[in-house]
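Note sheet for the following structure.
The values are calculated or read from the model by the stated rules, or taken from the named source; none is laboratory data. Remember, it's a predicted structure, so these values are computed and weren't measured experimentally. A quick note on method: Cβ atoms are made from the backbone with ideal geometry, for glycine too, and the neighbour counts reach across all protein chains shown.
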Amino acid sequence: MYLRQGWYGLRANRVYSAVFIIGTAFSMALVMAFLTVLSARLVNTRPEMHRDRTMVIYNVWYSRDAGQMSGMVNSGIGKVFLEGLPEVERWTTVYGGSSMMMENMEGDARHAYTVYTGLDFWKIFDMDFLYGGPVSENGTDINTPEAVISESFAVRLLGRADAVGEKIVCNDKEYKVCGVVRDVPMSAVLAFSEVWLPSSVYEASAQRNPKCEFLGGGMVIALLHGSRNFAGVEQAIRDKVAIYNSNTGETEGWTLDIRGMSSYRQYLFAWSELSPSAYAWLGLGVVLLVLLVPLINLSGMVNSRMEARLPEFGTRKAFGANARSITVQIVWENLLMTFIGGVLGLLLSWLMIGIFSRQLNALVPEVIVDFHTGRIPDAAYFDFRNFFDIRLYLVMMLIILVLNLLSAIIPAMKVVRNPIAESLNRKKQ
């Protein structure tokens, strides 16, 4: 009955209903777009399904009396300090992260964002293989290397998505395409690339300082057995570093310190002035600010509308309607319009993410930059599959209920407390 009354009121007061629904829709669209972008970066999502138990080691320092040296790391970090730790399930090294020229066998060339990875990379990240599979053990041989490429790059360079078995050339070395994966968005900061080559090729040509053996051009990604093991693993690694320094410090003259070692979430903020907690509070403030303005406006609109309907409610009270039934009626009427506005807001947020993906990307921590050019790669920022997340819809429903209750309860309480005679006299005035 209340829904029927609400639907009748919605059609009878079209201007009021339209303004109410559009205001709700735009506020919901902004909130949903922001939450979708934020969740795509922070929560477990494909292909980074284990962010909550992922550790990244990305920077080491060597120091001695004569000076200091620092930089990214190589696979030696994993071999020396991660192997044998019971808390570490597996680890891999990722090198590169830059735009490189790829050629097909006809001589056509295209740029592609490229990284070099170890075999366990394909076990840590849940890539969607459309054709073929990951690099094999034989594919890590520098004489018969294999490559995995993204779907869009396969079409761009080779003319078709099913490119398994095709050959591509990078830096005068020929690679056989062993797999084609669904495009990875830049929201997956550790897994993102357009071309994945075996790390053995990179390491075969890399020059190392024998006295600073762990300096390199990459990072080590470790998958832990549980999300609560970070502190224990970090301490175990530092204990191993202390032993390493005591055994090699006097002979080599350098003291090792691993300074870039963090969880996935901390890694996102490694180059940001904000801490994860500060960003969380800032994000909450943005959401509240976006909702506060329409909430005040909606509450004012509802209050004005209730003033105009005082004779109606006075008549109902005169015929025995109690305060509860009138309050429930107002809440249900508002809930109907708020829900319609929320659904419309979902559609608007979908469009907003598609049109303003670059601008929305600027609202979250950014760590993907072309190593050579210093520019953000030209690729998809988000995977729209992240939009279809039941958790986001539950948050949306909660926001709808809160908006509805806050905008309706106060005017409803004012209506039910108004004396019957005064409400009926409004009609005469």
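Some points to look at:
- Some residue of region 202-224 being in contact with an Asp or Glu (Cβ under 6 Å, 6 or more places away or on another chain), over 30 Å from T327 (Cβ atoms) and either surrounded by fewer than 19 Cβ atoms within 10 Å (Cβ to Cβ) or at pLDDT below 80 (or both): yes
- Any hit, region 278-296, residues being among the hydroxyl-bearing types (S, T, Y) and either surrounded by fewer than 18 Cβ atoms within 10 Å (Cβ to Cβ) or at pLDDT 90 or above (or both): no
- Complete set of residues in region 10-54 that are of a type in the set (S, T, N, Q) and part of a helix (DSSP H, G or I): S17, T24, S27, T36, S39
Let's see how each residue does on (1) in a strand (DSSP E or B); (2) exposed (fewer than 15 other Cβ atoms within 10 Å of the Cβ):
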{"site": "L85", "(1), (2)": "no, no"}
{"site": "A112", "(1), (2)": "yes, no"}
{"site": "V115", "(1), (2)": "yes, no"}
{"site": "K123", "(1), (2)": "no, yes"}
{"site": "V177", "(1), (2)": "yes, no"}
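- Test: residue in region 49-69 that is closer than 22 Å to A231 by Cβ and among the polar types (S, T, N, Q): yes
- Those helices (runs of 4 or more DSSP H) of region 306-418 in which at least 2 residues are loosely packed, with under 15 Cβ neighbours inside 10 Å and at pLDDT 75 or above, considering only elements entirely within it, cover 323-355, 357-361, 390-417.
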